[in-house]
Amino acid sequence: MILVTGGAGFIGSNFVLDWLAQSDEPVVNVDKLTYAGNPNNLASLRDDTRHIFVHADICDSDKMQELLSTYKPTAIVHFAAESHVDRSIHGPAEFVRTNINGTFSLLEAARTYWPQLTSAEKEQFRFLHVSTDEVYGTLGPDDAPFSETTAYAPNSPYSASKAASDHLVRSYHHTYGLPTLTTNCSNNYGPYHFPEKLIPLIIANALAGKPLPIYGDGQQIRDWLYVGDHCTAIRRVLQAGKPGETYNIGGWNEKANLDVVNTLCDMLDALQPNGAGSSYRKQITYVADRPGHDRRYAIDARKIERELGWKPAETFDSGIRKTVQWYLENQAWVRDVQSGDYMKWLEKNYQQRNAASELFNKVQEKI
Ligand code: NAD
Ligand code: TYD
């Protein structure tokens, strides 16, 4: 039995589905079901007794201790987090609470639980902390990609809270000997991705005939990792990673945002033309940039390949094709998550940006 946190979110639900497709080891899935958590992602497991869903907050340390002593997991795979940079700019407090205090509470529960295991169980136990490449800050166009030894330089409240949690995890290994593993991955994409993030937002807006918002000049670069590849990497790290180590996981797919959006438009033009005979590219709209926007992320994923034999199976082309197909086939899932809270978020995040870009466009016209 393993314990997963945040298993109703984007990556967590992909991981739980993948885990139970690959093995018979049951999963206890602890999730608070925030706006980002969606039980529908796990609908196919409704009658599967290997999946035990627990609606709880990772900040509740008594509850975390109780779950560990009840279920006696061989590993904790910790995904639960507030994960959206733009939301962290509007409201950082929840990021500090879940990402820092929540990770602390989980580590404390593990620190009580782990010493009580038999020596064989202690040897086997792992605490795998899922983190991000954003803790390393931003790269210039000619900088080498982030490696495991790159200094931390987080720039957003989100990445700062993740960096803090990584440091806590590191300290629990060094101080208490807890067998931790940390993975820092690049931008994921694929099925069940909440449509506030770039790729699913663009697909949803394109199909709805809405503007496709590009922050700033659209030349910011991200290194895209297909979520299925990420799940395989985590399983591999759990199986063979060395306690106390960190592993960077990336897709070797550096792309500028504008190129990603153009690719999505072209793919949708071919698979589901808009009926007006024009390209979805026409809906592209430049809006005000994100404050403190990191220019470039890129992951050097050679360590995990060299030491654990993992590398991504998908190219960007194959992964994005699968993703677009999934969204076209799962329009009902998208409609379901576009709740009142989602609409309020769109208003909060884009209204100001649009006003700023209208002003910008007017000034440009006068010039
Ligand atoms: P997500 O926002 O889609 O899902 C987060 C999940 O955690 C949700 O199900 C939510 O309900 C749950 N959650 C939030 N607060 C909680 C709390 N206090 N207690 C219990 N559950 C809580 O996030 P994601 O994109 O699936 O990311 C998963 C992990 O991967 C995060 O730690 C994130 O920092 C990391 N990561 C994500 C990406 C990416 O591209 N999505 C990239 C790098 C790292
Ligand atoms: P996002 O999916 O929010 O992930 P992250 O900020 O963690 O990288 O954004 C990916 C990139 O896309 C990022 O450079 C910001 C940009 N972006 C837009 O240009 N427009 C948008 O509407 C969104 C949500 C993101």
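Over the range 1-41, the pair-distance histogram of Cα-Cα distances with 10 Å bins from zero comes to 33, 55, 11 percent, rounded to whole numbers. Counting only alpha carbon atoms, the long axis of helix 61-71 and the longest principal axis of the chain meet at about 60°. Suppose R0 equals 22 Å; then what is the FRET efficiency for E121 and Y176 from their Cβ-Cβ distance, rounded to the nearest 0.05? That pair, E121 with Y176, gives E of 0.85. Taking the C-alpha atoms only, the angle from helix 103-113 to the longest principal axis of the chain is near 20 degrees. The alpha-carbon atoms of the range 188-329, seen along their principal axes, cover 55, 35, 20 angstrom, with the largest extent given first. Taking a point 7 Å from the Cα of Q219 along the Cα-to-Cβ direction, the residues of the range 238-262 with backbone N closer than 14 Å to it are 256-259.
Counting only lysines at least 8 places from K303 when in the same chain, those with an alpha carbon closer than 20 Å to its own are K242, K311. Between A240 and R46, the distance separating the two model label sites (each 7 Å from Cα on the Cα→Cβ line) works out to 3.9 nm. Only lysines eight or more places from K210 in sequence, or on another chain, were considered; those with a Cα closer than 29 Å are K197, K255, K282, K322, K344, K348, K362, K366. The angle separating the long axis of helix 198-207 from the principal Cα axis of greatest extent in the chain is about 40 degrees. Each distinct pair of alpha carbons in the range 31-110 adds a 1/r term; the inverse of their mean, the Kirkwood radius, is 13.9 Å. So the label point goes 7 Å from the Cα of Q22 along Cα→C-beta, right? Which residues of the range 216-245 then have their backbone N under 17 Å from it? The answer is 225-242, whose backbone nitrogens lie closer than 17 Å to the label point. Summary of the geometry: the range 327-343 and the range 263-303, compared by the centres of their Cα atoms, lie 19 Å apart. For the chain, the Cβ-based charge dipole about the Cα centre amounts to some 280 debye (Lys, Arg positive; Asp, Glu negative; other atoms uncharged).
I need the shape label for the range 45-170. Rule: rounded when a/c is under 1.5, else prolate if a/b > b/c, else oblate, with a, b, c from the alpha carbon gyration tensor. The shape class here is prolate. In whole percents, the pair-distance distribution calculated for the range 102-164 from its alpha-carbon pairs, binned every 5 Å from zero, is 4, 15, 19, 16, 13, 12, 11, 7, 3, 1, 0. Taken over the C-alpha atoms, the chain has Rg and Dmax values of 20.6, 75 angstrom.
Beta-bridge orientation, the chain: approximately 10 percent antiparallel, per DSSP, counting only bridges with both partners inside. Distance between the modelled labels on D317 and T285, one decimal in nanometres: 3.3 nm (7 Å Cα→Cβ projection). Quick one: check the C-alpha center-to-center distance for the range 60-74 versus the range 22-54, whole angstrom. A separation of 17 Å, based on Cα centres. Ordered from longest to shortest, the equivalent ellipsoid semi-axes for the range 116-197 are 28, 17, 12 Å, each the square root of 5 times a Cα gyration tensor eigenvalue. Here, the range 269-335 is characterised by an Rg to Rh ratio of 1.10, where Rg is the alpha-carbon radius of gyration and Rh the Kirkwood radius.
Model label points for Q331 and S69, set 7 angstrom from Cα along the Cα-to-Cβ axis, are 5.2 nm apart. As an exercise, use a Förster radius of 25 Å and the Cβ-Cβ distance of R306 and Y152 to find the FRET efficiency, rounded to the nearest 0.05. Efficiency at R0 = 25 Å is approximately 0.65.
Laboratory data are not the source of any read-out in this text; all were calculated from the coordinates shown. What you are looking at is a predicted structure, and each value in this text was computed from that prediction instead of being measured. Cβ: placed from backbone, ideal geometry, glycine included. Neighbour counts: every protein chain shown.
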